[in-house]
Structure formats: structure tokens, C-alpha cells
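See structure below.
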Amino acid sequence: MPIRSMTGFAQVKGQIEDRQTPGQPADPSKNRNGLTFTLSLKSVNHRFFDVHFRLPSDTDSLEMHLRRRLKEKLSRGHVELALNLDRSAGESLALNRKIVGGYVHAFRMAAAEFGIAAEPDLNAVLRMPGALDAAILPADGDLEACVLSQVEEALDKLNQMREEEGRGIERELRERMAQVYSASQGVEKHRQTVLKIYSERLRARIEEWLGSQVDPERVLQEAALLVDRSDIQEELVRLQTHVEHFLGLLDQSGEVGKKLDFLLQEMNREANTLLSKTSGLAGDALKITELGLAIKSEIEKAREQVQNVE
């Protein structure tokens, strides 16, 4: 399985047929189209798995099942799931007598208590959340069963889009790593130049110390410091090893975004050390600085892409 982006969108539609009441003859005058719904999934990048639901009221059980399904198919990302319900044009809405009756009773009680001659506005009452919701949700778990049967299709579509975008990210990441590796090989070609410059500096310092009263231990310490600072081979080896490990992760499946980001941080650290060891050098050694800056630029571009990898 290729790497996946955390960005994607999917939408599916479903329908719940009205069920005939047992023992009752079919009524041809009634609309049998039932309830239609639209299930939408949208995901963007996030450090962890973060899911938000926009569901009709009284669907707590459905939310729990949906959350479980999403966790099975998605590892990281901010995910928004929206469920929109829509009755057919010929379907009548049922009145939620409990909500409407409670509001009307409370209104009249308040009017009587304060001596106000007024009646509640029915238009305002029917606009209250839930006043006409009673007919929207089907009974006996029909909505839950139908939505759960459609969520797999939505997740497949979402992951298909995420994988398609992931293939584009993977191509760019491989190109960036090729540039980093090539630049590190260019630095390696100029490594002898750096060693030669530091060797000349070390020779001059030793000659200076030998002509003055200097503690031999101090000479050895300074020489060891210059030798350690002069060689960038260790940084180059680690940098190239990180690149190879990075490319190996791109061939793996599953959640690799965090690992890729960690490797890029390590590469950036090696590039910084390389630049610090070669700072202040003139001549051909300046080419190492140019290549080191190019390496850092490619790493930064790669990190921008990795932030969206699952």
C-alpha cells in the first residue's frame, strides 16, 4: 500500500425504505421513497487522529459505531463526518408534541403569572430545534444500519483520494532525497580541500607554539580540537544513511509520517553541523557551504510535504 496523504474528501448517498406496519395493508397513497441521507467525510492534516461529527440529535449509538469504523481505517488526521437527512417532497413531517406542548404550556403559564394577554407564535414554535424532528429518524435502528453499510464505501473513496495524493507526495519526496544525496556526494568530493586547509592551519599553529613557551598539553588539546573540527566524514555518512532509511520507509505501508519527519530533523541537524565545521573557509571550500545550504533547502521542502503524510 502506498503512503497516504491526510487530505481527502468523500461523499456517499443512501436511502431507507419505509417499512410497512405488520398486519396493515399497503397504502398506495403514501410515498414509499422513505428517508434519504448524505454522508460526507473530509480530512486534513493533524498530528494525531482527531474526529468531529455533525449528526442529527439522538444518534449517540451511531456516533460510537462510526468512530470505531473510522479508527479501523484511518491512523492520523483531522476528520469531519457529516450526516444530512432529507425526506422526500411528498413525505409529511410529524409534530414533536412533547417539545411543542411543553413550550406552549410554559408560554401560557408565564403569560398568566404576569397578567399578559398573549398566545404563542406557532411559526416561532415550529422553528425550534426538534419541533419537527420526530418523523425524520426511522425507528428500530434502520438509520444506523443503513449509514453503517454506507460508511465503508465512503472510507474507501476517502482513502482512494488520500492514496492518489500520497503518490504525488511520494514522487516529490524521492526527488528531494535524490537532491540531498547528490549534494552530499558533492560535499564529499571537496572534503580533501577542507582537510588540506585545516592541516595548513594546524601546521602554522604548531610552528607558532614551538617558537614560544607553550604547555605541551595545550598543544595536544588544540591539535585534537582542530583535527576533530576538520573532518566532516561522519556527518556525511550519517546524512546518507538517513536518506537511505527515508527511502526505505517510503516503500513501507501504514503510518510513516512521524518517522519521516523525525528523519528529516536528523538530516537537518547533520547539515547544520557540516556547515558549522566549514564556516569561515575560503576558496574551493565555499562550494561546501553552497552545497550545505542546498541540502538544508531540500530538507525543508521535504518537511513541508511530510507534514501531510499519514
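Laboratory data are not the source of any read-out in this text; all were calculated from the coordinates shown. Everything quoted here is computed from the prediction, not taken from an experiment. Backbone-built Cβ (ideal geometry, glycine too); neighbour counts: all protein chains shown.
Just a few scattered comments:
- Rotationally averaged projected area of the range 94-134 (alpha carbon convex hull; nm²): 2.7 nm²
- Relative contact order computed over the range 94-134 (Cα-Cα under 8 Å; 6+ residues apart), in percent: 63 percent
- The stretch between Glu244 and Gln11 holds 80.0 nm of extra length on full extension. This uses 0.36 nm per residue minus the Cα-Cα distance.
- Under the simplified labelling scheme, the Asp231-Phe262 pair shows an inter-label distance of 2.9 nm, with each label point 7 Å from Cα along Cα→Cβ.
- Most simply put, the range 40-83 has about 45% antiparallel DSSP beta bridges, counting only bridges with both residues inside it.
- The lysines whose alpha-carbon is closer than 17 Å to the alpha-carbon of Lys258, local same-chain residues fewer than 8 away aside, are Lys301.
- Gain on full stretching of the segment that runs from Ala110 to Thr38 - 0.36 nm per residue minus C-alpha separation: 21.8 nm
- Cβ-Cβ distance of His65 and Asn45, R₀ of 25 Å, FRET efficiency by 1/(1 + (r/R0)^6): the value works out to about 0.45.
- Reach of Lys287 by Cα under 19 Å, taken over lysines that are not fewer than 8 positions away in the same chain: Lys189, Lys196, Lys277, Lys296
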